[in-house]
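J.: Dropping a structure here in structure tokens format, bear with me for questions.
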Amino acid sequence: MGLPHEPPAPGVPRRGTFWGYALVALQLALILLIVRTYEVGSRLHFFPVLCVAAGGFLVHAALPPRFRLAFFCFLSLATVVFVLGAPDGALVIGIGAGLIGAGYLPVPFRVRAGLVLGAGLVLAVLRLDLTSPFWPVLGSMFMFRLIVFLHELQRAPARPPLGLTVAYFFPLPNVCFLFFPIFGFKTFRDTYRPGAGWADAQVGIGFLTTGLVHLLAYRLVKYYVLPSPHQLGDAAHLALFLAANYALYLHVSGYFHIITGVFHLFGFGVPRTHHNYFLAASPTDIWRRINIPWKEFMAAVFFFPAFYATRRAGTRAALAAAALWVFAMTWFLHSYQVFWITGGFTLDAFDAGLWLAAGALVAGNLMYDYARARRPRTAPDGSAGGAVRRAAAVVGTFVLVSVFWTCWNTPELLALVRVQATDPRWLAGGGRVAAVLAGAVAAGAAIQLALARPARSREPGRPSPARAAGVRVALLVVAAAAGRHEVAAQFGPEVARRVGEIRRESVTPIEAARAVRGYYEDIADAPVRAGAWLAALEGRPAPPRRTAYADLCQPADALIGHELIPGWAGDVEGYRLTINRYGMRDRSDRTREKPPGARRVALVGSSVVMGWGVGDEETFARLVEDRLNAGGAAPRYELLNFGTGKSSAIQRLAVVERRAFGFAPDAVFYFAHQDEFIEPPRHLVRLLASGYDLPPYLRDVARTAGLTPAMPPGEAEARLVPHATRIVSGVYRDLASVCRRRGVVPVWVYLPMPGVDEPPNLAREMSQLAQGAGFVVLDLSGWEGGRRSAEVKIGDVDPHANALGHRLIADRLEAAVRERPEVLGPP
């Protein structure tokens, strides 16, 4: 390939330039290894796109500067086709070219703007009716940048170079990151350097590394810090829930740093998108520090026009009106953005109230800053008191933003706080929260005072690019090595298990229950549907035709809610699903009467147990039964599949009592997953609202929580969430007791869902509840055998096991029952 076409800096030999690029290439290789090892952006196809970017960077560096922009445009357009496939990629490029072409027509600006607006309206109508995979990518590329482009084109003396326009609208990383920073076109154009060298690329490596750090920190917070809803029984856990929710924004800032880093590799010196946002000291300060491109977009398009339009009313009034207008439009544009990326559009009044309240705070802060700016300048207060005040402002802003963030993503939180704020037991942790906040203020003040000490006589300069690269190489090597199972195992099985969890890009049980997934979580992780070629390259199955679970269900009473339709048969997720005459996903020749000499096991659980997404002969229930009977020796085993979807512990108890016992089982296997504590409070609320006659232990829980039949469902659920453990424990005791009285062996089986993270100590807590209730406990943790979750589940966001997953579950379950044959029933 030859040496990169970069004139060496003064005093830097050509050889140094070559080794500089070699150092960047080494870091890119390590970053690729880390992205692959830790499954970073696996649902977004980030790894193959980053491979294209890394290879493209090497070619780009070898090209003369005059060819580099054209090559970046070619690489970006080719990547669109590579990821989406030829038909959808061509649609994105073709429609996008039409929109760009309308802006370049030799007609007055108003005509061009009208044509683009008309085309946008037509596309919006088509978006309502069509669900093709290209829509999210097209929307992400044009929904905001087209507004910015036209806004700046209106004031431009001439039309910009076409190459820069193509690069602006079709940037390489946008095809996998649909939630994308809105850089101004002027900023994008002015920061581009076709002759950028390896030192500029090294800046990009810094952004990429920082992005990876943010994303791994996000996983640590999500997996190990964020409390589950059933743990929010005191002020201390609520405070942790608030802080952790805000910290989940690392997900967004991590992706934005990666996007910025890719731009820098190709000579686009776009500015940083975030700046120490956890250290903001006021509402206006957080607005300046977080998602900076969004702030600049809103200021240019909405704030300044509103400010100048209302300035006659006075500067203070204009500031307030412009700020409120900006936050009202922020509320609307969030729904607009969700529409283009996901296809849904809702305008929520609660969200509007939150954003207007935030706008009022920022407006008040702007007027205060304006009044303070008019006062005579004074020297900064370097006293201990000044440091405490600044630290208190930072801590207060963090608390304020945490509350806003959690209320936006989890509206149910307000009901929980309103219900429990007067409970002395709930307030018992308030002292600890106050102590932590006071400690944070004290630590912040101490750090400020330490940094304010007289500096050394000679200020240390910034490290050279080579030295910075050396440090990053060492960090990347450590991160890559730490992700290897062989290395982690040297520190013990617990460390190896934790590293294995961090390596997987998983959802939490809370996310699976939609308890905390909000705006940013939804659109930042909005999956890109790859074309057939890339899907085959990544080993992903083609998306099957969807059949809703409701299609094979019929209503039942309030206790069970719904049941499978006897005799239903059809294709689900591309596989045959048959319900027998007893309403079970089981063999059609099954009889209610137990055959002589047979030993029956009733399997009760979720749609994972039922076998959603696999064929009739591929469920682990069918596989284990066949294996146990393979030798033909007595006794003959029958594993009866009573699994149903969308059910909780309360409903499964009813299934056992009403249906399973009618088949005279010798054992009942109750399967539990990571979401065991999520659904029971909701179902108990529905039972209470229907007037169902609850068993005594559930009545006691409802009475303790202060529930009444007339209570609004949201408030009732908020009261019950902290009692989820009591609900499940009572169901376990009831189920084990009724089994023992009938001579049936009760067996509790922990079967983790693939791709769903397990909160710390959850499996141990559940197994202790089950064992204490009288169950025999089987733990199938690790049934995947070290395979990636994407290999053993049916979809990117669907935690149901696929055919391979069911075979692995069958392997583990068969081994467990052969090791402990007493769980199959009394001899």
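Each reported figure results from applying straightforward, stated rules to the coordinates on display, with no laboratory input. Computed from a prediction, not measured in an experiment: that's the story for all the values here. Note that each Cβ is placed from the backbone with ideal geometry, even for glycine, and that neighbours are counted across all protein chains shown.
J.: Could you sort out which of LYS646/LYS793; LYS594/LYS646; LYS186/LYS295 sit more than 26 Å apart by Cα distance in this structure?
T.: LYS594/LYS646, as the Cα separations exceed 26 Å there.
J.: Sticking with this one: Place +1 on the Cβ of every Lys and Arg and -1 on the Cβ of every Asp and Glu in the chain, take the dipole about the Cα centre, and give the residue among HIS151, CYS739, TYR750 whose Cα lies farthest towards its positive end.
T.: Going by the charge dipole, the pick is HIS151.
J.: Among DSSP beta bridges lying fully in the chain, give the percent that are antiparallel, nearest 5.
T.: About 30 percent, rounded to the nearest 5.
J.: Relative to the longest principal Cα axis of the chain, at what angle does helix 349-373 sit, 0 to 90 degrees, rounded to 10?
T.: Approximately 30 degrees, to the nearest ten.
J.: Right, something else. Where does helix 696-705 land angle-wise versus the long Cα axis of the chain, in degrees 0 to 90, nearest 10?
T.: Helix 696-705 sits roughly 30 degrees off the main axis of the chain.
J.: Could you tell me the center-to-center distance, by alpha carbons, between the range 85-109 and the range 273-304 in angstrom?
T.: Between the Cα centre of the range 85-109 and that of the range 273-304, the gap is 31 Å.
J.: While we're here: Compare the Cα positions of LEU162, LEU172, GLY184 along the charge dipole of the range 144-195 (+1 at Cβ of Lys, Arg; -1 at Cβ of Asp, Glu; about the Cα centre) and return the one farthest towards the positive end.
T.: So the residue furthest toward the plus end is LEU162.
J.: So how far, in whole Å, is the C-alpha centre of the range 308-329 from the one of the range 783-820?
T.: What the calculation gives is 58 Å, centre to centre.
J.: Something else about it: When TRP135, TRP331 are ordered from fewest to most other Cβ atoms inside 10 Å of their Cβ, what list results?
T.: Placing the least packed residue first, the sequence is TRP331, TRP135.
J.: Helix-derived [θ] at 222 nm for the chain: sum -39500 (n - 2.57) over DSSP H runs of at least 4, divide by residue count, nearest 500?
T.: -18000 deg cm²/dmol
J.: Ok, one more. Going by Cα centres, the range 222-248 and the range 664-718 are how many Å apart?
T.: Spelled out, the Cα-based centre of one part sits 23 Å from the other.
J.: Helix 384-409 sits at what angle to the longest principal axis of the chain, using alpha carbons and giving 0 to 90 degrees rounded to 10?
T.: Once rounded, one gets 50 degrees.
J.: Could you please rank PHE303, PHE669, placing first whichever residue has the fewest other Cβ atoms within 10 Å of its Cβ?
T.: The most exposed by this proxy come first: PHE303, PHE669.
J.: For the residues LYS793, LYS646, what sequence is obtained by ranking on other C-beta atoms within 10 Å, fewest first?
T.: In increasing order of surrounding Cβ atoms, one gets LYS646, LYS793.
J.: Placing +1 at every Lys and Arg Cβ and -1 at every Asp and Glu Cβ, with all other atoms neutral, what dipole size does the chain have around its Cα centre, in debye to the nearest 20?
T.: Rounded to the nearest 20 debye, it is 2460 debye.
J.: Still on this model: For the chain, what is Rg from Cα atoms divided by 2.2 N^0.38 Å, rounded to two decimals?
T.: 1.05
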